[in-house]
1. Order of R48, R11 from fewest to most other C-beta atoms within 10 Å?
2. What does the convex hull of the Cα atoms come to per residue for region 1-44, in Å³?
3. Using the Cβ atoms and a cut-off under 13 Å, what net charge is assigned to the surroundings of Y18, where Lys and Arg are +1 and Asp and Glu are -1?
4. Over all pairs of distinct alpha carbons, what does the Kirkwood formula give as the hydrodynamic radius of region 47-142, in Å?
5. Just want the ordering: L126, L13, from fewest to most Cβ atoms lying within 10 Å of their own Cβ.
6. For region 1-93, just say rounded, prolate or oblate: build the C-alpha gyration tensor, square-root its eigenvalues into a ≥ b ≥ c, call rounded for a/c under 1.5, and beyond that prolate if a/b exceeds b/c, oblate if not.
7. Sort W36, W84 by Cβ crowding within 10 Å, fewest neighbours at the top.
8. What whole-number distance in Å separates the alpha-carbon centres of region 5-63 and region 91-135?
Amino acid sequence: MLPSAVESGLRRLLFGTYGFVLIAGACAVWVSLATWSVHDPSLNNATRAVPRNLLGGWGAVIADLAVQSLGLASIILFLPLAAWGWHLIARTVPNRRKFRLLAWPASVILLAAALAALPQPKSWPLPNGLGGIFGDFFMAGAHVIGPSCRKPRYRLWPDWCSSSSASRCCFSLAARAHPS
C-alpha cells in the first residue's frame, strides 16, 4: 500500500531502532554488572538497604544472577547482542549466523569453566569461583572425567581436547567467523 521508498525507509528505521534497543540493553546490563555489589538486595540477599546498583533493584537482581551463575564470564555474555544490534543499525548481515548462535553460549560456558580454574582471590566476595556456579560445575566435571581419560585404554579424545584448549578453539573459531 505504501510506496516502496517509504516502505524501505520505515523498514530501515524499524531495524535501526531494534539495533539501538539491543545495544542499549547490553550497555544497561554492563552498567548493572559494573555497579554490582554483594550487599545489594537480590533474590538471595534479603535486606532493606537501598541498592547501590545504578539501575536500582532490578539491576541488582540481574547483576547478582549473572555474577553468581557465570562469574566474570557474564561480562561477555551480552557482547553478541550488542554486535547484533550494531549489524542491524549498519544494515549488514553477519555470515554464519547459525554457527555464531551455537558458539555464543558454548564459549561463555567454556570461559566460565576456564575462569573457575583460576585461583580465587581473597577479595572475591562469593563462595563459588571466578566462573560462577556454571564454571564450578563444569570444572568439577572435568576433574571427575579428566583422570579417567588419561588411562590409555579409556582414552575418549586426544590431548588437545582439554577445557582450556577447547575454549581457545571456540574463541579462535569465533574470531575466524568474523574477520576484521
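Values quoted throughout were computed directly from the atomic coordinates according to the rules given, and no laboratory measurement underlies them. This structure is a prediction, so every number in the text was calculated from the model and none was measured. With ideal geometry, Cβ positions are generated from the backbone for all residues, glycine too; neighbour counts draw on all protein chains shown.
1. Details: R48 5, R11 11.
In order of increasing Cβ crowding within 10 Å: R48, R11.
2. Dividing the Cα hull volume of region 1-44 by its residues yields 77 Å³.
3. On the way: positive: R11, R12, R91; negative: none.
It works out to a net charge of +3.
4. Working: mean 1/r = 0.0668 Å⁻¹.
Taking the inverse mean of 1/r over all distinct Cα pairs, region 47-142 comes out at 15.0 Å.
5. Fewest-to-most ranking of L126, L13: L13, L126.
6. Details: a/c = 4.44, a/b = 2.58, b/c = 1.72.
Prolate.
7. Values: W36 23, W84 20.
The most exposed by this proxy come first: W84, W36.
8. First find each Cα centre; the distance between them is then 19 Å.
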